[in-house]
Amino acid sequence: MMAAGIVPVSRQEKGRWIVGGLAGILACALVIPLHARDLNQQYKVQGLGLDTCASFLDVPVDKRGLYYSWLAGYLTAYNYLVRDTYSIAEYTGLTRTNEWFEKYCGKHPGNMLHEAARQFVTERYRIRLKQKPELEDMLRFQQRIPREPAQNRPR
């Protein structure tokens, strides 16, 4: 029996999400650390990072799972590779991160997704979590966040 609001996901769809996440990790490994660029400060971006923000926004919200998986992989790799970083997204969960991504892409439809992800980490670097927070700290932070539903998220 399925819980209310949970949609079954096909095995093929799960596989795509995993591949998207792995592509995000790989892209981050190629993009984030300064020493990962070549001598001319260039690097190769692969996978969904090459899509434009406009392409991302053209996909219905309920079908953006691959993009969100790519972004989660990118951020996970960033957290792993960048010194003194537990979480670049601070306390925010993936829902708020995805909302930031959608807002950024709405303002910059011609930019590529890897540029959006790079902008996110650039903006958040100063406020990143440098170590795993205590549970009480996370709960206190969550209580301060207004719980307004996103306008473009399916219910």
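Details
- Looking only at the stretch 104-155, and only at residues there that are modelled with pLDDT under 95 and among the hydroxyl-bearing types (Ser, Thr, Tyr), the one that is farthest from LEU57 (Cα to Cα): TYR125
- Some residue of the stretch 53-70 being of a type in the set (Lys, Arg) and surrounded by fewer than 16 Cβ atoms within 10 Å (Cβ to Cβ): yes
- Qualifying residues in the stretch 72-86 (those that are assigned to a helix (DSSP H, G or I) and among the aliphatic types (A, V, I, L, M)) - the one nearest to ARG118 (Cα to Cα): LEU75
- Top-ranked residue of the stretch 34-52 - restricted to ones that are among the aliphatic types (A, V, I, L, M) and at pLDDT below 75, ranked as surrounded by the fewest Cβ atoms within 10 Å (Cβ to Cβ): LEU34
- Test: residue in the stretch 56-74 that is basic (Lys, Arg), at pLDDT 90 or above and in contact with a Phe, Trp or Tyr (Cβ under 8 Å, 6 or more places away or on another chain): yes
- Residue, nearest to the chain's Cα centre (by Cα), within the stretch 91-128, restricted to residues that are surrounded by 15 or more Cβ atoms within 10 Å (Cβ to Cβ) and outside any helix (DSSP H, G or I): THR92
The values are calculated or read from the model by the stated rules, or taken from the named source; none is laboratory data. Given the structure is predicted, the values throughout are model-derived calculations rather than measurements. Note: ideal-geometry Cβ built from the backbone for every residue, glycine included; neighbour counts use all protein chains shown.
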